[in-house]
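Bear in mind that the values in this text are calculations on the coordinates, not laboratory data. This one's a predicted model, so the numbers in the text were calculated from it and none came from an experiment. Glycine also receives a Cβ, built like all others from the backbone with ideal geometry; neighbour counts cover every protein chain displayed.
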Amino acid sequence: MQDSTFPFLHSFQNLNFLDSQRCYQATVQLCSIPELAADKVEIGTTLRPLRSVDPTQTEYQGMIAIMDEGDMKGEVYPFGIVGMANKGDCLQKGESIKFQLCVLGQNAQTMAYNITPLRRATVECVKDQFGFINYEVGDSKKLFFHVKEVQDGIELQAGEEVEFSVIFNQHTGKCSACNVWRVCKGPKAVAAPRPDRLVNRLKNITLDDASAPRLVVLCQPRGPDNSVGFGAERKIHQAGVID
């Protein structure tokens with residue numbers, strides 16, 4: 001009978017040598033305590049995401065390049081899941097980030113750590129309990145979010161600028177936004193002015209004008225007792241007179 005005390009050992013034995021080395025290195029990095037190489041916060045861009053974000057790539061680790069005034073400085077550092085400030089965030093290729101450098105593992109490898117994406121986008125629309133953000137992830141140009149993910153209970157409006165995290169939904173197989181923060185309010189909606197021709201027409205209309213628009217009853221309302229029309233007789237009121 002197979003020993004079930006350490007089931008991971010049986011799985012480990014079924015791996016080839018290369019995969020075994022990768023699993024061992026990943027285990028060492030996960031169990032190691034990172035030591036910050038410097039307190040400086042760097043600004044960079046993602047050259048390669050984690051394999052969990054892009055299963056088509058062969059490398060497990062992601063890759064980050066330091067940016068200096070919008071240009072790459074040529075300094076490139078790897079990162080793993082332990083380097084993410086939010087372990088559930090799906091960092092995409094090409095996204096801007098801020099991070100620090102740390103020394104991790106037995107080989108004292110310098111890696112990116114405390115990685116936080118610098119995402120900003122505008123709200124496309126909000127419908128009832130969900131909405132969409134103008135942000136491209138994969139093949140989709142709009143990112144879904146639920147209103148419960150909006151922080152501080154703010155009711156977002158279309159056009160407002162927000163910051164957010166991107167997570168992968170295992171049930172739908174799609175990405176969505178979480179931890180949505182409003183950064184900037186959008187422009188207030190301004191009612192369009194009435195056309196001059198309509199304003200002039202309203203000014204010239206009198207109650208005695210036969211050409212004035214009138215209300216025509218097409219169907220009488222029905223009451224709870226299935227009666228037709230209004231039961232009470234309507235009175236004609238004069239302007240400025242209160243009964």
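Sparsely packed loop sites in the stretch 121-191 (the GluC sites (Glu not before Pro) outside DSSP H, G, I, E and B with at most 14 other Cβ atoms within 10 Å) comprise Glu136, Glu155. Calculated FRET efficiency, Thr172 to Ala192, Cβ-Cβ distance, R0 = 45 Å: about 0.70 to the nearest 0.05.
Of all DSSP beta bridges confined to the stretch 51-194, the antiparallel ones make up roughly 90%.
For the stretch 85-169, taking Cα atoms only, Rg and Dmax work out to 15.7, 52 Å respectively.
Subtracting the Cα-Cα distance of Asn86 and Asn134 from their residue separation scaled by 0.36 nm leaves 15.1 nm. In the structure shown, the pairs Lys98/Lys174; Lys127/Lys203; Lys40/Lys87; Lys98/Lys148; Lys40/Lys148 are assessed against 32 Å; a Cα-Cα span above that value is assigned to Lys127/Lys203; Lys40/Lys148. Reported to the nearest whole Å, the Cα centre-to-centre distance from the stretch 54-97 to the stretch 111-141 is 17.
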